[in-house]
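Asker: Pasting in a structure now, in structure tokens, and then I'll have a few things to ask.
The values are calculated or read from the model by the stated rules, or taken from the named source; none is laboratory data. Predicted model only: the values in this text are computed from it and were never measured. Here the Cβ positions follow ideal geometry from the backbone for every residue, glycine too, while neighbour counts run over all protein chains shown.
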Amino acid sequence: MACFLVPTAEAVVTTIATKVIESKERKNLKAEADTESLHVEADKLPFSKKMKWLNNMLWGGSALLAFEHVWHGEVVPFFPFLTAAGDPSSAAEMLHEMATAGVTMAVLVTAVWGCMVAASNYLEKKADEQKKEGAV
Amino acid sequence: MTLLVTVFAALITTIIWYKSANRSEMKLGTLCLMFWSASLMWLVDAIFEYAELGAEFFTPAVADMLNDFYLGLSVVAFAMIIWLVILLLKDPKGVIRGMLVKKN
């Protein structure tokens, strides 16, 4: 009915968070430009880049789900935009679906992203160790 | 059926992404993530539907299956359009920019 609104709301929050993290990383990069720490971090993906994976997943998935809802006539281009919102009993059903399916979707996508970040961190750590061993 | 079509689209895109040398330039990762995340979301939808319908979930009517297949193909087309718009806007190879500069 409107389960895609939960991941969409999360996407708005993570997009803002990405912008904040990106600007902080840029500031840090400027501050550390003359130090050696820059060389150590050079091989690692910045966290903002990893956040962009989550943004792409949430925005992309929500867009495709929104398309499906338009297909089924659950989302309309006029007020109140959600057909279920017009009737109180349907609205309650819609909110229930958002609280169950919608939240599960957002949690699952975020959990998969978490696994991707963990795998990426592990590979970066391994590459860093190999580099250090090579240097010694 | 929509879930199946999206999963197959995600698999094919991931294989192309893995084999492609200029995956970053072509923004193939964005398309992969879009398909995988939509697949995850529809998987959740399918699990909730299965919990409600039980075994009946696996024996849909032919008309419903056909409509879902049609929807799945439309979803793939919609995702490709989004990806193309992103690609043209970011213009990593500078094709559009080059064209505009030439004309000016």
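Asker: Can you tell me which residues in the range B:1-56 are of a type in the set (Val, Ile, Thr), over 24 Å from A:GLU97 (Cβ atoms) and at the interface with another protein chain (Cβ under 8 Å from one of its Cβ atoms)? If you could, list the steps in order and put the result at the bottom.
Answerer: Step one: filter the range B:1-56 for residues of a type in the set (Val, Ile, Thr), giving B:2, B:5-7, B:12-16, B:30, B:44, B:47.
Next, from what is left, pick out any that are over 24 Å from A:GLU97 (Cβ atoms): B:12-16, B:30.
Once the filter is applied, which keeps residues that are of a type in the set (Val, Ile, Thr), over 24 Å from A:GLU97 (Cβ atoms) and at the interface with another protein chain (Cβ under 8 Å from one of its Cβ atoms), the range B:1-56 yields only B:THR30.
Asker: Please verify whether B:ALA77 is surrounded by 14 or more Cβ atoms within 10 Å (Cβ to Cβ), modelled with pLDDT of 95 or more and part of a helix (DSSP H, G or I), treating the condition exactly as stated.
Answerer: Values: surrounded by 14 or more Cβ atoms within 10 Å (Cβ to Cβ): no; modelled with pLDDT of 95 or more: yes; part of a helix (DSSP H, G or I): yes.
So B:ALA77 does not fit the description; no.
Asker: What is the one condition in (1) within 18 Å of the chain's Cα centre (by Cα); (2) crowded, with 16+ Cβ neighbours inside 10 Å; (3) of a type in the set (A, V, I, L, M, F, W, C) that A:ALA118 does not satisfy?
Answerer: (2)
Asker: Return yes when B:ASP64 is away from chain A (no Cβ under 11 Å), out of contact with any Leu (no Cβ under 8 Å at 6 or more places or on another chain) and within 25 Å of A:TRP59 (Cα to Cα) and no when it is not.
Answerer: Values: away from chain A (no Cβ under 11 Å): yes; out of contact with any Leu (no Cβ under 8 Å at 6 or more places or on another chain): yes; within 25 Å of A:TRP59 (Cα to Cα): no.
Criteria not met by B:ASP64.
Asker: Please determine whether any residue of the range A:83-90 is among the aliphatic types (A, V, I, L, M) and within 14 Å of another protein chain (Cβ to nearest Cβ). I'd like the intermediate steps shown before the answer.
Answerer: So in the range A:83-90, the residues among the aliphatic types (A, V, I, L, M) come out as A:84-85.
From the residues that got through so far, the ones that are within 14 Å of another protein chain (Cβ to nearest Cβ) too are none.
For the range A:83-90, residues among the aliphatic types (A, V, I, L, M) and within 14 Å of another protein chain (Cβ to nearest Cβ): absent.
Asker: Scan the range A:44-71 for residues that are more than 7 Å from chain B (Cβ to nearest Cβ) and among the small types (Gly, Ala, Ser) and report the count.
Answerer: 3
Asker: Could you run through the range A:95-136 and say how many residues are away from chain B (no Cβ under 14 Å) and not aromatic (Phe, Trp, Tyr)? Give the steps one after another, and end with the answer.
Answerer: Within the range A:95-136, the first condition is being away from chain B (no Cβ under 14 Å), and the residues that meet it are A:95, A:118-119, A:121-136.
Restricting the remaining residues to those that are not aromatic (Phe, Trp, Tyr) gives A:95, A:118-119, A:121, A:123-136.
Total satisfying the criteria: 18.
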